[in-house]
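Step one of this worksheet: look at the structure below.
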Amino acid sequence: MILDIKDKNGFVFEEIGPVRCSIEDMVRWAGSCDDFTNFHYEASAAQARGFRAPVINGPWKAMVIRNLLNVWLGSEVKTLKFSIKYLDTDFVGEEMYMNGRVIEVISDSDDFVQLKCEIKITNGEQKVTTEAHCEVQVQAEQISEIPMARLLEVLEIGTPKGPFVYEIAKTDVERYSRVIGKKNPTDSEFVPTTFFGALDPIERRDLCVDDFLLELPLKKVGGGNAFNKVVYKRPLKTGEKISVTTTYVDAYIKKSGNRTLLFRVRENIMADELGIQVAHSRNGHVLAFALPSLSGSEAVK
Amino acid sequence: MEQNHQAWHSLDSAEAANLLASVGTVKYVSANTHKTSLAWSSISRPVHELQVQPPVDLFLICPDPLIFALSCGLPRSRTLDKQIDGGSEWEQFHDIPSTPLTAISRIASIQERRTSDMRHMIRSIYEIEFRNSEGKLIGIARGTSLDFEVATGEKQ
């Protein structure tokens, strides 16, 4: 598991537990660090010291937490700084629960994310026995190609989405006319032909299915509309309600110089309130990435 | 000026000054496969989520800084009733090299304070520096020993 690049601050790790440590685990630990203080693995020695059971080594808990960082944040985690306080005793055979969260994003680059995390161990009575703070460096997810399978899954090629209903308000048309440079919008009830392009759920952000592309840890070098084609049967009029159904029909990659171009092609069917089709559009959007060289054919489906 | 007994402050004695100057026996250490395997099995047996053993880092070189420092011959304050491990710290600045590291341990601080019920407590911090063959500081581990007076009712 790797954290998404955004929204890491406050990210809460999945609780691990109950964990119960055995005498054998403590003996193994003793052998690993040459700490043969016997109240960690001998019940009688622990009782002689006033403990109800053998006491779990503090550094054993540190080692557990340090390794859980790999479970929580992924295997590419470097622990830069780790401090731990043993606030209370944990006993062999008794429940422990490990919880943690990100408390600060120290830095966030394309390659690495540096985080401060806080991890606590609580016992079966929900008392915090151990508290650790650490600074870790997490290598950002490395991908070298556009995840087409994921893209095709979200685009659902051939499956209509909508309808999205838009009322052509006079004020919208006037604003649109000004934006496209029409200095003296007429009082005509017919709207400019190019207004068909404004009736697009994607452009209006009413339909957002592939936003993840913008979050990919890939170098993006451009993007925008690749083409728009509208075939209309009659002009639109102000006051009309137009239903728009969007269908993604294609997605493909092309290589252009050192850029990899990702095209997504969609078609919009526009119908009036009677359900009669008034226009059909085909639109292509492109995102350009600087990826490692693409082998094989020019176009990859 | 009234002194805040509950805040840590340096232990002001000749004995403490001597201890602060103490440097442990220098050790040359590297990851011991057998010990690393023992440490990993001791945590991965009870914590089932731990499935992939990580590469060697300072934790595996020095899993218990306090025990490590004491094994280098540094003394531990045992003037009061009970001694416990108060915490540990690891800082790693560079990857662990394949060649052995030089470990130099010392007592970095000795401080005392009174608890809220006025029991005496002494805190000793042991610091171990790990350097590569070129003298470059690879990491630091710290262990804390607490020596404290137990409540009258707890004394045996």
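Read the figures in this text as sums done on the coordinates, not as results from a lab. What you see is a predicted model; the values in this text were computed from it and never measured. Cβ atoms come from the backbone with ideal geometry, glycine included; neighbour counts cover every protein chain shown.
In this structure the amide hydrogen of A:VAL221, modeled in the peptide plane, comes within under 5 Å of the amide hydrogens of A:ALA288, A:PHE289, A:ALA290, none closer than 5 places in sequence on its chain.
Going by neighbour counts of Cβ atoms within 10 Å, the residues B:MET121, A:MET96, A:MET63 line up, fewest first, as B:MET121, A:MET96, A:MET63.
3J(HN,Hα) along the stretch B:53-63: 5, x, x, 5, 9, 5, 4, 7, 5, 9, x Hz, from the Karplus curve 6.51 cos²θ - 1.76 cosθ + 1.60 with θ = phi - 60°, whole Hz, x for Gly and Pro.
Which residue, A:SER281, A:SER32, A:SER107, tops the fluctuation ranking in a GNM of chain A built on C-alpha contacts under 10 Å? Per the Cα network of chain A with a 10 Å cutoff, A:SER32 tops the list. About its Cα centre, the dipole of the stretch A:148-290 is roughly 660 debye, where the only charges are +1 on Lys and Arg Cβ and -1 on Asp and Glu Cβ.
Just to confirm the number: angle between the C-alpha axis of helix B:33-44 and the first principal axis of chain B, 0 to 90 degrees, nearest 10? On a 0 to 90 degree scale, this one is about 70. With respect to chain A, whose longest principal axis is taken over its alpha-carbon atoms, helix A:170-179 is tilted by about 90°. Once divided by 2.2 N^0.38 Å, the Cα radius of gyration of the protein assembly as shown becomes 1.45. Couplings 3J(HN,Hα) of the stretch A:18-29, computed from phi: x, 10, 10, 8, 9, 4, 4, 4, 5, 5, 4, 4 Hz, in residue order, whole Hz [Karplus 6.51 cos²θ - 1.76 cosθ + 1.60, θ = phi - 60°; x for Gly and Pro]. Note on B:ARG45/B:SER71: beta-carbon distance plugged into 1/(1 + (r/R0)^6) with R0 of 22 Å gives a FRET efficiency of 0.30. Sorted ascending by nearby beta carbons within 10 Å, beginning with the fewest, A:TYR252, A:TYR176, A:TYR41 become A:TYR252, A:TYR176, A:TYR41. Of the candidates A:VAL105, A:VAL265, A:VAL27, which one comes out as most mobile in a Gaussian network treatment of chain A with C-alpha springs shorter than 10 Å? Between A:VAL105, A:VAL265, A:VAL27, it is A:VAL27 that shows the largest mean-square fluctuation. Taking θ as phi - 60° and the Karplus parameters 6.51, -1.76 and 1.60, the scalar couplings of the stretch A:231-236 work out to 10, 10, 9, 7, x, 8 Hz in sequence order, x denoting glycine and proline.
Using the Cβ of A:LYS241 as centre and a radius below 14 Å, the other residues enclosed give a net charge of -3, where K and R count +1 and D and E count -1.
Sorting A:ARG204, A:ARG20 from the fewest to the most surrounding beta carbons within 10 angstrom yields A:ARG204, A:ARG20.
The aspartates and glutamates whose alpha-carbon is closer than 13 Å to the alpha-carbon of A:LYS120, local same-chain residues fewer than 8 away aside, are A:GLU14, A:GLU15, A:ASP88, A:ASP90, A:GLU131. Go ahead and collect, in residue order, the members of the stretch B:77-94 whose backbone nitrogen is under 12 Å from a label point 7 Å along the Cα-Cβ direction of B:ASN132. Under cut-off, by backbone N: B:93-94. Under a 5 Å amide H cut-off, with hydrogens placed 1.01 Å from N, A:PHE11 pairs with A:VAL102 among residues at least 5 apart or on other chains.
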